[in-house]
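The values are calculated or read from the model by the stated rules, or taken from the named source; none is laboratory data. As the structure is a computational prediction, the values presented were derived from the model and not from experiment. When we count neighbours, we look across all protein chains shown, and the Cβ atoms used for this are built from the backbone with ideal geometry, even at glycine. Ligands, DNA and RNA are excluded from the accessible area calculation, which covers all protein heavy atoms including side chains. Shrake-Rupley method; radii C 1.70, N 1.55, O 1.52, S 1.80 Å.
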Amino acid sequence: PSPGLQPLTAQRVISSSRLSVSHAPPSLSVASCVSRRSRSVCRESPVWAKGGKMPVATLLPFTATPNRKSASPTSFRLTEKFILLLVFSAFITLCFGAIFFLPDSSKLLSGVFFHSSAVETNTRTGPDSSDSGSAGNDERVLAKIRKDHEKALIEAKDTLQKRPEEIKQDIINEKEKVAKESVGQGGKDGNNLPFVEYHRPPGATGHEPLDSETRDRRAKVKEMMKHAWDSYRRYAWGSNELRPVSKQGHSSNLFGDIKGATIVDALDTLYIMEMFEDFDAATDWVEKNLDFSVNAEVSVFEVNIRFVGGLLSAYYLSGKEVFRRKAVELGEKLLPAFKTPTGIPWGLLNLKSGIGRNWPWASGGSSILAEYGTLHLEFMHLSKLSGNPEFAQKVMNIRKVLNRLDKPQGLYPNYLNPNSGQWGQHHVTVGGLGDSFYEYLLKAWLMSDRTDEEGKKMYYDALQAIETNLIRKSSGGFTYIAEWKGGLLEHKMGHLTCFAGGMIALGADGAPSDKTGHQMELAAEIARTCHESYARTATKLGPEGFRFDGGVEAIATRQNEKYFILRPEVIETYMYMWRFTHDPKYREWGWEAVQALEQYCKVEGGYSGVRDVYASSPSHDDVQQSFYLAETLKYLYLLFSDDDHLPLDHWVFNTEAHPLPVIKKDKTDRPNEVE
Ligand code: DMJ
């Protein structure tokens, strides 16, 4: 049978029967007509009268025999019966074939029904045009069916010839294609994200340490977290931070009108401490209240490390999509900060207008090294989770700009003008304004499963320059990292700089082999110096800055350097040193800090910073910083946990202590896959 004729006929029958047989389903009316083989029935039915170009007689010759008087079945000759049977079975095969076996039969059916209604409309407005139009459509539908069918056959044949690995790869490619298409289709609000298969990386939660002392200390830290969290929940729920003395909410202008900094910063700590009810309450708040559509200026750096970082960690720990969605949504809102002639982002950004600027005090409108240099980890993950390469491109471009510039003594000044691409003042610190830039070079390399060679080189080169130019030993034998101002050293070290002990320990095993031991020693010395800055105070809490000049060592000499705002850096270094050496003194030093926090910072309404660590009864500053829950308490908890809780070969902590998984190059390592 002509392949063109049969489906055409089937369609016409169904279409026409809808027109003429008002209550019977189309197939039924046709079947009854044929099965009864009654010429009169068929003649009465407009099915055949409106049958189209092919005359009814041509289709059913037996019904059109002009001289036949009787329509009785017995009057058919054997050949007629045979033809009848042949036509009938061809017709049935055709119907079944069209509906069930032809590829894309759903399209065929919808085409049929669509065609049918078109006929209905055209019948009212003019049958002629309907006829020619439907014939054209029929041919197009048929051509498409044939093409699809052939394509499916070829594909099936190809697939059968492929090896399983090739088939696997095809599936991956297809998935990626779909992911890209869905990104291309918009989704400017993080709502239209590609599918990402979630695998929880190892060590998201831990277990009780075997020795009872460590177990008790760990439990104590959890109790501290509970007090900090419950107080925030009770007195400041939804605000950025808690004022623990006045028992009310507090909002720093770093976050514009974004709310809930403590909630987002604390999510992962709640998770790793297995405070799941609290984690759920926090998740619920994020789902219902976390809103980035604010007409206000935010610090790009702070919002990135606390909000984007916090959301990413919460996603990787829990697998809850809401966190991925919110992280990408916020990341997209930060992108306009990169609209500068060099692509070095502004420090401040209005999230609604997308207009950026820099801190007015920063060396002639410069961007700050620790701010634009502390986006890399989060932005790499944003690209991974959104399928949008723009995030990664933006941060890779920052490196490009830096690598084109001459560096004084190999050092990176803290200020860089985003318009001219030139350094501002030649101030270099490993503390505030510089710190986490170095941290992110190292961690970018580690997070890439040690494939990011550029990040690695930049880190070890920078560390070498720091050692040569900034690291000194005091007369009392304390190693410290000084600050460099246009070639002159200021013998001062900030509390913030104390993170460097942990960083250097973390990078030591990647250093050229002759330097690993030296770098571990350096890290241990910095840890000791920072511990000393705590040990020499009345409260056993460390000052914001301490000096090594004018006859003092590791002591703050200026009133405005004596405060302690619950910062984590010293404890962070203890945690890394413990992990790499298992020297019990680091746990002891951590425990000293716990006792000091309990004695001087704990108040009925939470934990507060203190104004003077050298005073025996210091006054409180009445702020429970969100990083106290994100970092200080998390690092303390990990210090008293086993090493397989957030193991360092699978997780990298962002500068706000939010753990991000290593993106494993070996994709067979399923637990670490992030894609
Ligand atoms: C945190 O927000 C981060 O650790 C940042 O890198 C530096 N300052 C605070 C904690 O002191």
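Here are the numbers for this structure:
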| item | result |
| --- | --- |
| Single unsatisfied condition, residue 637 versus (1) away from the ligand (no atom under 15 Å from the Cβ); (2) part of a loop (DSSP other than H, G, I, E, B) | (2) |
| Wholly enclosed helices (runs of 4 or more DSSP H) of region 364-417 bearing at least 3 residues touching a residue at least 12 places away in the same chain (Cβ under 8 Å) and surrounded by fewer than 21 Cβ atoms within 10 Å (Cβ to Cβ) | 390-404 |
| Set 259, 222, 247: member being under 15 Å from residue 310 (Cβ atoms) and open to solvent by 60 Å² or more (accessible area, probe 1.4 Å) | 259 |
| Checklist (1) more than 28 Å from residue 590 (Cβ to Cβ); (2) within 16 Å of the ligand (Cβ to nearest atom); (3) among the polar types (S, T, N, Q) applied to residue 262, failing item | (1) |
| Among the residues listed as 429, 451, the single one being open to solvent by 20 Å² or more (accessible area, probe 1.4 Å) and β-branched (Val, Ile, Thr) | 451 |
| Qualifying residue in region 574-596 (condition: touching a strand residue (DSSP E or B) at 6+ places or on another chain (Cβ under 8 Å) and buried (at least 19 other Cβ atoms within 10 Å of the Cβ)) | no |
| Test: residue in region 580-597 that is more than 16 Å from the ligand (Cβ to nearest atom), free of Cβ contacts under 8 Å to residues at least 12 places away in the same chain and touching a Lys or Arg at 6+ places or on another chain (Cβ under 8 Å) | no |
| Candidate set: region 498-533, residues that are open to solvent by 10 Å² or more (accessible area, probe 1.4 Å) and of a type in the set (Ser, Thr, Tyr); chosen: the one nearest to the ligand (Cβ to nearest atom) | 516 |
| Verdict on residue 288 being charged (D, E, K, R) and crowded, with 20+ Cβ neighbours inside 10 Å | no |
| Single match in 542, 550 (criterion: within 16 Å of the ligand (Cβ to nearest atom) and not in a helix (DSSP H, G or I)) | 542 |
| Residue 261 among the aliphatic types (A, V, I, L, M), modelled with pLDDT of 95 or more, out of contact with any helix residue (DSSP H, G or I) (no Cβ under 7 Å at 6 or more places or on another chain) and closer than 30 Å to residue 348 by Cβ | no |
| Residue 310 out of contact with any strand residue (DSSP E or B) (no Cβ under 8 Å at 6 or more places or on another chain), in contact (Cβ under 8 Å) with a residue 60 or more places away in the chain, open to solvent by less than 10 Å² (accessible area, probe 1.4 Å) and of a type outside the set (D, E, K, R) | yes |
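Residue-wise test of (1) in contact with a strand residue (DSSP E or B) (Cβ under 8 Å, 6 or more places away or on another chain); (2) over 30 Å from residue 354 (Cα atoms); (3) not in a loop (DSSP other than H, G, I, E, B).
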{"residue": "226", "(1), (2), (3)": "no, yes, yes"}
{"residue": "239", "(1), (2), (3)": "yes, no, no"}
{"residue": "246", "(1), (2), (3)": "no, yes, no"}
{"residue": "259", "(1), (2), (3)": "no, no, no"}
{"residue": "263", "(1), (2), (3)": "no, no, yes"}
{"residue": "269", "(1), (2), (3)": "no, yes, yes"}
{"residue": "279", "(1), (2), (3)": "no, yes, yes"}
{"residue": "284", "(1), (2), (3)": "no, no, yes"}
{"residue": "288", "(1), (2), (3)": "no, no, yes"}
